Amino acid sequence: MRCELAVVGAGVAGSCAAFAAAKRGLRVMLLEKKPLPRYKLCGGAVTRKTLELLAGEGIRLPAKIFHEVGRIKIYIPGAEREMQVKEGSILTTYRDTFDHALAREAERAGAELLDEAGVKRVVQAGDGFLIETTKGELRARFLLGCDGVASAVRRCLFGWSFPPGELGVAAEYEVPGLSVESMEIHFGYASFSYAWVFPKRDGATIGVAELASRLEGGIFSRLERFASTLNYLSSPPEPKAHLIPMGGIRRKVALERAALAGDAAGFVEPLSGEGTYYAALSGIKGAQLAVRALSEGGDLLPYQRFCDRELLPQLRAMLWLSRLFYFRQDFSYHLFKKSDLLQDVVTALARGRPEPQQLLRRAIVSSARYLPGYLTAKLRG
Ligand SMILES: Cc1cc2nc3c(=O)[nH]c(=O)nc-3n(C[C@H](O)[C@H](O)[C@H](O)COP(=O)(O)OP(=O)(O)OC[C@H]3O[C@@H](n4cnc5c(N)ncnc54)[C@H](O)[C@@H]3O)c2cc1C
């Protein structure tokens, strides 16, 4: 088997990449190790900016796979705040149906999809790659590794992996039939993350995440402790866990003819854990640059520049925002009670505005404004 572009992994990054490259005329093979549709542990929150990005690329998704959430309840120790998602809404979905619909779109654009084809090894061969899969060998001129946090492409070609301080561990219960009206975010269950309840069509997903380096006692006991506080959850199902990479750190994501996108590259926004937008964006951009490289005889190094100059500043601003937030959570709660910062974060997630860098500036200005009042209250005891 031969192709111009091999895309490894039919998640969000891979299917978007395969769609974008096939629509521009490349011979693309999309390789997925699991049979599709495949289960993916995820809160399944999809922001409007993600759907706008997909629609702008020409990816069509059926409305019936989404559930619209208009309200968010934020719980901080000792307080609760409910807010409307202004300017649009946040949608939730099940990742098996969402990702399968994306893979179908990639096929519609002309990509050849091969599921149950796990990539075992990749080596440089001639002016491209030899890819060993569980369904045989494949040769490709260019390669995109969209194979998630434990990427085989990254292991074979890039030679780095995520240290524990740059990885989150998340666990979830998927509860069919549970009816919850608002999206819930609960702080106080993790030192560098949060717990959540996301309403879905015909059910809800309940989860918690923590930085791997700060996890003591296991993530499932954390999830159990959180779930025991939810009076509407009587008998939780089997929990599942997965890793989430932390975005905002510069990493090598492009070689001359290969690049990493999505979780494989570590593109997850560290404050909210949103990864689908960055997976779609990096997958589409990687594909567009592969098309250009093939037609002009160039390479994929412009992808590294795109990631460093456009993606990284957004993720890094959110990394600093999360460090600011989790550094002194009691002060952050004070800030959230006094200022409009929470609403700004929610709007930024739903609409992509204010931009992360602007959001970070606002957080710094608000911190400076509310710090004296907080310190005075602390000193008075
Ligand atoms: C518990 C949890 C909750 C989350 N909640 C949200 C949320 O609500 N909203 C949000 O935006 N993000 C969320 N995220 C993050 C989000 O799930 C990821 O960022 C996103 O799935 C990244 O997409 P991807 O395509 O890069 O990788 P993946 O979705 O992991 O897809 C990678 C694909 O590659 C395949 N693969 C792996 N190895 C191979 C191989 N060797 N050969 C072939 N195929 C291979 C896998 O089977 C998989 O299909 C959450 C993550 C976790 C763990």
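The values are calculated or read from the model by the stated rules, or taken from the named source; none is laboratory data. Keep in mind it's a predicted model, so treat the numbers as computed, not measured. With ideal geometry, Cβ positions are generated from the backbone for all residues, glycine too; neighbour counts draw on all protein chains shown.
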**Message:** Which condition from (1) hydrophobic (A, V, I, L, M, F, W, C); (2) within 15 Å of the ligand (Cβ to nearest atom); (3) closer than 27 Å to Ala204 by Cβ is the one that Met83 breaks?
**Reply:** (2)
**Message:** Would you confirm, using the coordinates I've provided, whether Leu211 is assigned by TED's automatic domain parsing to the domain that holds Arg222 and more than 11 Å from the ligand (Cβ to nearest atom)?
**Reply:** yes
**Pick from region 200-209, criterion surrounded by fewer than 22 Cβ atoms within 10 Å (Cβ to Cβ) and of a type outside the set (Lys, Arg), ranking: farthest from Glu274 (Cα to Cα)** = Asp202
**Request:** Please go through region 32-55 and pick out each residue that is over 17 Å from Arg108 (Cβ atoms) and away from the ligand (no atom under 14 Å from the Cβ).
**Result:** Glu52
**Prompt:** Just a yes or no: is a residue in region 17-31 farther than 27 Å from Ala293 by Cα, within 13 Å of the ligand (Cβ to nearest atom) and out of contact with any Phe, Trp or Tyr (no Cβ under 7 Å at 6 or more places or on another chain)?
**Reply:** no
**Prompt:** Does Gly148 satisfy the condition of being part of a loop (DSSP other than H, G, I, E, B), on the phi > 0 side of the Ramachandran plot and out of contact with any helix residue (DSSP H, G or I) (no Cβ under 6 Å at 6 or more places or on another chain)?
**Reply:** no
**Prompt:** Restricting region 235-250 to residues that are away from the ligand (no atom under 14 Å from the Cβ) and within 19 Å of Arg305 (Cα to Cα), which is surrounded by the fewest Cβ atoms within 10 Å (Cβ to Cβ)?
**Reply:** Arg250
**Prompt:** Do we have any residue at all in region 119-130 that's at pLDDT 95 or above, in the same structural domain as Glu296 (by TED's automatic domain parsing) and closer than 17 Å to Gly11 by Cβ?
**Reply:** yes
**Asked** If a residue has to be more than 6 Å from the ligand (Cβ to nearest atom) and of a type outside the set (Asp, Glu) to count, how many in region 265-276 make the cut?
**Response** 6
**Prompt:** part of a strand (DSSP E or B), outside the structural domain of Arg328 (by TED's automatic domain parsing) and either in contact with a His (Cβ under 7 Å, 6 or more places away or on another chain) or without any contact (Cβ under 8 Å) to a residue 60 or more places away in the chain (or both): does that describe Leu41?
**Reply:** no
**Complete:** Here the residues within region 44-70 that are in a loop (DSSP other than H, G, I, E, B) and modelled with pLDDT of 95 or more are Gly44, Gly58, Ile59, Arg60, Leu61, Pro62, Phe66
**Asked** Within the set of pairs 6 or more residues apart or between chains, which connect a residue that is modelled with pLDDT of 95 or more inside region 140-161 to a residue that is surrounded by fewer than 21 Cβ atoms within 10 Å (Cβ to Cβ) and of a type in the set (Asp, Glu) with Cβ atoms less than 6 Å apart?
**Response** Arg141/Glu4
**Message:** Suppose we keep only residues that are more than 16 Å from the ligand (Cβ to nearest atom) and surrounded by fewer than 19 Cβ atoms within 10 Å (Cβ to Cβ) within region 158-186. Which one would you say is nearest to Val345 (Cα to Cα)?
**Reply:** Glu181
